[in-house]
Amino acid sequence: MDNINLEFSDFIAIKKRVVIKIGTQILLNKKDKASLASFKKITGFAYSLIKQGKEVILVSSGAIAIGRNILGIDTPSGFLTIPQKQALAACGQTILMNYYASAFKKYALKTAQILLTKEDTASRKRFNNARNTIDELLRNKIIPVINENDTISTDEIKFSDNDYLSALAANLSCADLLIILSNIGGVHDKNPAIYKNTKKVNVIRDIETYVDGFKENTKSRYGTGGMKSKLEAAKIAAKTGIDIIITNGKNTGTLKSIAEGKLNGTLILSSKSSINKKKHWLLFGMEKKGTIVCDEGAEKAIVYGNRSLLASGIIDIIGNFKKKEGVYISNKKKQVISIGISDFNSEDIKKIKGLSSSEIKSTYNNDTIKSALVVHKNNMVTIAL
Ligand code: GLU
């Protein structure tokens, strides 16, 4: 994009479904209090996109901070226990939704709350349920407002932050644009909070390489993100062909100019080598329960031949998993070469590992063991070593 704004207006014009990610800091004023005014900025921006015929989904943080406001707690996050934070989120979430509902009223738009945990996106069934709900809401012109279900999210099942959640939500809802609102107006060559004379990066074309070389990570005061986490989220979204804009969500002028087709912030273009939605889910959404170790022949067939994993190429099993659960597939050196869904449970694979198709048929051929195909290529995504 040499004449960025000319091409950016075309770029934004063709986007149909947009996820807007709103961090806690965007909703707080200088005294760390939420006010309707900040919500109006966001809903005004959302409405300007809706008026252009786009569908809009919000991923909003803020529940814990608003919970603090209500209960008058200003203890730094590091000193709060997980149940204390969960209780604050439970108090704040309803008020957060009230703010959105009030601010959207001006445009006669209704909102709906969707609370997700990592487990929900890890199960293909729940993932599809969430997708169907979002589709139905949008069909009815209702704005889905997504947050993490903090009440039941512990460290183990927690999205690391809402930046990551927004990337999964964008994939889950088949969005074609993710706008991450930050309190910094985009990605800079150096951290603007520390250095003077920093330069904003207008366009990033190769997010994978960019994020690898990116060092700065200043966390916001009450949110858990930082620019690095936004770039990591952008990398995940870009993998499925979703473009990303990181921009200043505090500034009404900035938001207005984006809606009008002028780039204000950093545009991250999705990778050309984007993977399909199912493979994206295998990589980032699905929980992996164990590892199938395969021999060199199977490794070559998977990595270079795009072939399924057969029992004959399996040499070992690590962990216990059920049929249709997610697994890593590793080579002899225990390097992960692929991720997939196993068509057998771990105990049955132990019985048939190393056996050919005819050996399996002659020895077993019962209801559970009748084929040599352990992970089908359509349920597998290969990882570059
Ligand atoms: N779910 C948390 C909240 O609503 C925010 C998590 C985050 O932004 O990292 O307060």
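A few comments on the model shown:
- Inspection of segment 160-170 finds a residue satisfying the criterion of being under 26 Å from residue 87 (Cα atoms), surrounded by fewer than 15 Cβ atoms within 10 Å (Cβ to Cβ) and touching a residue at least 12 places away in the same chain (Cβ under 8 Å).
- For segment 121-130, the set of residues classified as crowded, with 17+ Cβ neighbours inside 10 Å and farther than 11 Å from residue 287 by Cβ consists of 127, 130, listed by residue number.
- Selection count, segment 49-63, where residues are polar (S, T, N, Q) and either within 11 Å of the ligand (Cβ to nearest atom) or buried (at least 17 other Cβ atoms within 10 Å of the Cβ) (or both): 2
- Check on residue 333, part of a loop (DSSP other than H, G, I, E, B) and more than 27 Å from residue 277 (Cβ to Cβ): yes
- The test for being within 13 Å of the ligand (Cβ to nearest atom), farther than 30 Å from residue 280 by Cβ and not polar (S, T, N, Q) holds for residue 66.
- Checking segment 23-43 against the condition returns a match, with at least one residue being surrounded by fewer than 23 Cβ atoms within 10 Å (Cβ to Cβ), among the acidic types (Asp, Glu) and within 14 Å of the ligand (Cβ to nearest atom).
- Search result, residues across segment 289-304 that are out of contact with any helix residue (DSSP H, G or I) (no Cβ under 9 Å at 6 or more places or on another chain) and modelled with pLDDT under 95: 300, 303, 304
- Qualifying residue in segment 84-105 (condition: away from the ligand (no atom under 13 Å from the Cβ), surrounded by fewer than 20 Cβ atoms within 10 Å (Cβ to Cβ) and at pLDDT below 90): no
- Within segment 287-316, considering residues that are in a strand (DSSP E or B) and over 27 Å from the mean Cα position of the chain (by Cα), the one surrounded by the most Cβ atoms within 10 Å (Cβ to Cβ): 309
- For segment 362-385, the set of residues classified as over 31 Å from the mean Cα position of the chain (by Cα), modelled with pLDDT under 85 and on the phi < 0 side of the Ramachandran plot consists of 362, 363, 364, 366, 367, 368, 369, 370, 371, listed by residue number.
- Applying the condition of being in a strand (DSSP E or B) and of a type in the set (A, V, I, L, M) to segment 134-152 and asking which residue is farthest from the ligand (Cβ to nearest atom) yields 142.
- Cβ separations smaller than 6 Å between residues 6+ apart or across chains give the following pairs from segment 75-103 residues that are more than 14 Å from residue 147 (Cα to Cα) and without any contact (Cβ under 8 Å) to a residue 24 or more places away in the chain to residues that are surrounded by 17 or more Cβ atoms within 10 Å (Cβ to Cβ) and of a type outside the set (A, V, I, L, M): 101/111.
- Options 26, 66: the member that is of a type outside the set (Asp, Glu) and farther than 19 Å from residue 115 by Cα: 26
- When residues of segment 106-133 are limited to those that are within 16 Å of the ligand (Cβ to nearest atom) and among the β-branched types (Val, Ile, Thr), the one farthest from the chain's Cα centre (by Cα): 111
- Selected residue (criterion: modelled with the highest pLDDT) from residues of segment 161-216 that are part of a loop (DSSP other than H, G, I, E, B) and of a type in the set (Phe, Trp, Tyr): 214
- Total residues in segment 13-63, condition of a type outside the set (Lys, Arg) and within 17 Å of residue 226 (Cα to Cα): 12
- Each residue in segment 1-22 was checked for being away from the ligand (no atom under 16 Å from the Cβ), under 13 Å from residue 259 (Cβ atoms) and either aliphatic (A, V, I, L, M) or touching a helix residue (DSSP H, G or I) at 6+ places or on another chain (Cβ under 7 Å) (or both), and 3 pass.
- Residue in segment 13-23 that is at pLDDT below 85 and in a helix (DSSP H, G or I) present: yes
- In segment 217-248, the residues that are within 20 Å of residue 148 (Cα to Cα), modelled with pLDDT of 90 or more and within 16 Å of the ligand (Cβ to nearest atom): 230, 231, 232, 233, 234, 236
The values are calculated or read from the model by the stated rules, or taken from the named source; none is laboratory data. Note that this is a predicted model, so its numbers are computed, not measured. Heads up, the Cβs are rebuilt from the backbone with ideal geometry, glycines too, and the neighbour counts pull from every protein chain shown.
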